[in-house]
Amino acid sequence: MSPEPIIHRCECEACKAGLDTETAKSHQRINLFLSRLNEPQKRWYVATLSEEADGSSDRQLTLITGLDEKTIRRGKAELQDQLAVVPVDRQRRAGGGRLRAEKKTGS
């Protein structure tokens with residue numbers, strides 16, 4: 001059985017105050033959905049939220065989702081470029097991640 005995903009708790013003023021239950025529910029749904037996505041998918045989804053006409057600012061989305069503003073801007077740039085630099089068949093670009101154990105030890 002896989003571990004339970006960590007769901008970010010919104011830190012916006014509306015959710016902290018607990019006065020606007022509809023906003024709190026909306027933010028909880030966003031964070032539940034994000035908990036099931038991989039890193040690139042998270043930044044692309046939040047980037048789309050940022051670019052909606054009546055959407056939240058990047059700063060507000062940082063409070064809602066826990067994603068850094070730079071990460072949101074990166075997602076917006078990737079979407080602006082039509083995801084051209086993003087490999088279709090892998091999560092990270094080639095060369096990313098840890099070196100294989102054989103390369104570390106020189107074997």
message: Counting only helical runs of four or more DSSP H residues, what would the 222 nm mean residue ellipticity of the chain come to if each run contributes -39,500 (n - 2.57) and the total is spread over all its residues?
response: -15500 deg cm²/dmol
field: Using a Förster distance of 22 Å, the FRET efficiency for ARG100-ARG73 (Cβ separation, nearest 0.05)
entry: 0.10
- line: Partner aspartates and glutamates whose C-alpha sits under 20 Å from that of LYS42, ignoring same-chain residues fewer than 8 away, are GLU4, GLU11, GLU51, GLU52, ASP54, ASP58, ASP68, GLU69, GLU78, ASP81, ASP89
task: Throw me the Rg/Rh for the chain, computed over C-alpha atoms with Kirkwood Rh, two decimals.
output: 1.09
Any cysteine of the chain lacking a neighbouring Cys Cβ under 4.7 Å - listed by number: CYS12
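For region 13-84, with only Lys/Arg (+1) and Asp/Glu (-1) charged at the beta-carbon, what is the dipole magnitude about the Cα centre, in debye rounded to 20?
Using Cβ point charges on Lys, Arg, Asp and Glu, region 13-84 gives about 260 debye.
Bear in mind that the values in this text are calculations on the coordinates, not laboratory data. Predicted model only: the values in this text are computed from it and were never measured. Backbone-built Cβ (ideal geometry, glycine too); neighbour counts: all protein chains shown.
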